Structure formats: C-alpha cells, structure tokens
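Okay, structure first, notes after.
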Amino acid sequence: MALDFIPTVWAARLLVALDKSLVYGQTNVCNRDYEGEIRSSGNTVKIASIGDVTVDEYTKDTDIGDPETLTDSEQSLLIDQAKYFNFYVDSVDRAQQNVNVLDEAMRRASWSLRDHADTFLAGIMDAAVPGGNKIGTTVDPIVPTKDDAYEYLVDLGVLLDEANAPLDGRFVVVPAWFHGLLLKDERFVKAGTRGSDAALRNGEVGQAAGFSILKSNNVPNTEGEKYKIIAGHSIATSYVEQIVDVQTYKPEKRFGDAVKGLHVYGAKVVRPTCLAQLIADKA
C-alpha cells in the first residue's frame, strides 16, 4: 500500500518498531575467517583442513621412520542465501513530511536483512550439533527450573571441555524465559552481573559458568516449545556476507524516490564438536 501523508500532519518523530536483539551473526558467536570477496549468491568458499600428525617413540641411535604423508580434507561454504529490499516514497508525500521517513525505512530494511541472516545462522548451528553433545531430545526435552537452570549451563560446559573446545570466548544463547530462571539463582546473579559502564555485546546479559550469556528471541524452537539452546565457541561456525548492491533510483512512471538493496550470505559449521545444545521446554 502506498504511503499516504496528505492531508494529515505528521508528528515530528516516528514511532519506530521494536527490534529483537540480533545475536548469532556477531563475531563472538561465529567467525568471519573466510569472508574475502563475495560478489554474488552462489559463490563457494573452499575450506581445507589437515589431519592429525602421528607421534612415535624415539630410540637413541636408531633410524626414525619415513616421513608421514599428511592427509587433508575439504569443506565447502556455499554463499546460497540472497535477500533484498525495494521500497518507494512518492515526491508529493515527501513534500508534506516533517520527518525523514526514508532514513527510518533504510534502518528498518537493514535490520530486517540482518534478522533473516540471524535466524538462518541459528538454524545452521542447530542442525550441526553432534548427537553426543546434546542434553535432552525433541521427544523428551528438559524442563529446567530456577533451581537447576544454572546447572545445565555447567553441563553444557563439560560437553565442550570433553570436545577440547577453547575455554576463552565461549557463548551460550538463551531465550528470555531461560534468562528469567537464571536471574532467580544467586549463582548467576553474583557471577553474571557486570558494571554499568562495561561494553556488552549485542544481546549479552552477563557471564556465568564459563560462558558469555546472550539472550535472543531467535533461539530455534517449535511453536514455543523444544527450544534449542546452543552453546559453543566462534571457531565452530564460519559466516560470510556481503551487501552486494544498494541503489537509489527514480521509478520511470512515478514522481518519487526508491531504494533497493541486495544482501548475500552463507554459513558453515566447520567444527561441530565445538557446539553443544540443551533442548528445553518452559516449565
């Protein structure tokens, strides 16, 4: 529907929409190691890896064995996601405004693109968590309480310890209701609060049990049940993105301004064992 500003007098400020925190795409949750140059959807990033090196016993004055031929493997990160926006404001309408609707529309368009990418990344991580790194199942999800929600964070940390995931920089992304349970536990309140002048990451609500605790409404779930609470380290997931093009233009048969933009991206879980998951229902 076209914007209609006439003859209504518009207020000097817009009532903007309420935004969710966008969490999964930030650098402490996934890495940008392979981003490089991305020009269009469909490009592929090839990621090579080298297997373990064998260590043998050494005996003095004895020849060592022939050098080992290292094996390698390759993973492909496909840039297979492409989203765009395209909106128009009539010149007559713009002449009647006393607010900059174009600026706010651009902000909303940018946020919507990032929200799609955030949801996509959450799904990619969810699908890659190894079965042995999961607590609870979709058939029998855990129902945490204020008394044991913190303990499940500890259990997630143990799974990551056993997978040799790095200790520094671990994250866990929780829904609002799980954060509410943590706030009722003094162990979290004492460990998780930070100074008001601290620079918190997007969605971060504290630190506890060896994790940066991040809160998001994009936690994967099934109709408000079976929430997939993902913990891990940024080395697990690689994310690449590019704003390929943003254009302002004059529609041929209209008097006004239009803006369109194209965002391409892709993600790959390259170290699945560095992710763990709690599948949980609300109490």
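The values are calculated or read from the model by the stated rules, or taken from the named source; none is laboratory data. Only a predicted model underlies this, so the values are computations on that prediction, with no experimental measurement involved. Neighbour counts run over all protein chains shown; Cβ positions are idealised from the backbone, glycine included.
Any idea which residue in segment 85-101 is modelled with the highest pLDDT, counting only those that are surrounded by fewer than 16 Cβ atoms within 10 Å (Cβ to Cβ) and aliphatic (A, V, I, L, M)? Within segment 85-101, the match that is modelled with the highest pLDDT is VAL92.
The set of residues from segment 143-156 being within 13 Å of GLN277 (Cα to Cα) and buried (at least 20 other Cβ atoms within 10 Å of the Cβ) comprises TYR152, LEU153, LEU156. Search segment 185-212 for residues being charged (D, E, K, R) and under 20 Å from the mean Cα position of the chain (by Cα), and hand back the single one that is modelled with the lowest pLDDT. Per the criteria, the residue is ARG201. Summed over segment 239-282, residues that are outside any strand (DSSP E or B) and touching a His at 6+ places or on another chain (Cβ under 9 Å) total 2.
Among the helices (runs of 4 or more DSSP H) confined to segment 82-164, the ones with at least 2 residues that are over 30 Å from GLY256 (Cβ atoms) and of a type in the set (Val, Ile, Thr) are located at 101-128, 149-162. Of all residue pairs spaced 6 or more apart or on separate chains, those with beta-carbon atoms under 9 Å, a first member in segment 115-140 that is in contact (Cβ under 8 Å) with a residue 24 or more places away in the chain and surrounded by 17 or more Cβ atoms within 10 Å (Cβ to Cβ) and a second member that is part of a helix (DSSP H, G or I) and among the acidic types (Asp, Glu) are ASN133/GLU162; ILE135/ASP155.
Checked against (1) modelled with pLDDT of 95 or more; (2) surrounded by fewer than 16 Cβ atoms within 10 Å (Cβ to Cβ), ALA163 passes all but a single condition, namely (2). With respect to the conditions (1) more than 19 Å from the chain's Cα centre (by Cα); (2) of a type in the set (Val, Ile, Thr); (3) closer than 25 Å to SER238 by Cβ, THR138 falls short on a single one, namely (3).
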